[in-house]
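For reference, the structure is listed below as structure tokens.
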Amino acid sequence: MESVEIEVDTSSSRIVDLTGEVVRFCRGHGDGLVSVFVPHATAGLALMETNSGSEADLVDALEDLLPRDDRYRHAHGSHGHGADHLVPAIVSPSLVVPVIDGQAALGTWQSVVLVDLNVDNPHRRVRFSFVSG
């Protein structure tokens, strides 16, 4: 297995497109699987269409599901930060994509994105791991 970790700054966007990094990581490999994992308690990963307004729609939907208020028992950090700790229960912290002849087998409109609503920590790590098939 080959594995690398990258750093991602989410200070300017709650949804960060990682597709280019995934594609670059898969180049030179044969057939197998690429695992993408974010080792954080307040972030997740998704496959979605980007640059169509969907990113803002996803942020809005998550904020509707997880309002930033004082209802959470997990109550440190910024106002409503407890909601951030529920994000990975809804948006998985990992995903797996097939790789065929060194190319991530994503659908036409699929992009790999990091989802991070946590304004307290904009510095994220993402791990890519390739397993040969």
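For this structure, a couple of remarks:
- Looking at VAL96, VAL87, just one residue is touching a Ser or Thr at 6+ places or on another chain (Cβ under 9 Å) and surrounded by fewer than 18 Cβ atoms within 10 Å (Cβ to Cβ), and that residue is VAL96.
- Scanning region 63-84 for residues that are surrounded by 12 or more Cβ atoms within 10 Å (Cβ to Cβ), among the aliphatic types (A, V, I, L, M) and either part of a helix (DSSP H, G or I) or in contact with a strand residue (DSSP E or B) (Cβ under 6 Å, 6 or more places away or on another chain) (or both) turns up just one, ALA83.
- Residues of region 94-120 satisfying the condition of being out of contact with any helix residue (DSSP H, G or I) (no Cβ under 6 Å at 6 or more places or on another chain) and either closer than 17 Å to GLU55 by Cα or of a type in the set (Ser, Thr, Tyr) (or both): SER94, THR108, TRP109, GLN110, VAL113, LEU114, VAL115, ASP116, VAL119
- In region 110-133, the residue that is surrounded by the most Cβ atoms within 10 Å (Cβ to Cβ) out of those that are hydrophobic (A, V, I, L, M, F, W, C) and more than 18 Å from ARG24 (Cα to Cα) is VAL115.
- Within region 93-121, considering residues that are part of a strand (DSSP E or B) and of a type in the set (Val, Ile, Thr), the one farthest from the chain's Cα centre (by Cα): ILE100
- Qualifying residue in region 19-34 (condition: closer than 17 Å to ASN118 by Cβ, of a type in the set (A, V, I, L, M, F, W, C) and outside any loop (DSSP other than H, G, I, E, B)): no
- Candidate set: region 7-62, residues that are among the small types (Gly, Ala, Ser), in contact with a strand residue (DSSP E or B) (Cβ under 8 Å, 6 or more places away or on another chain) and within 17 Å of ALA83 (Cα to Cα); chosen: the one surrounded by the most Cβ atoms within 10 Å (Cβ to Cβ): ALA43
Laboratory data are not the source of any read-out in this text; all were calculated from the coordinates shown. Predicted model only: the values in this text are computed from it and were never measured. Glycine gets a Cβ as well: all are built from the backbone with ideal geometry, and neighbour counts include every protein chain shown.
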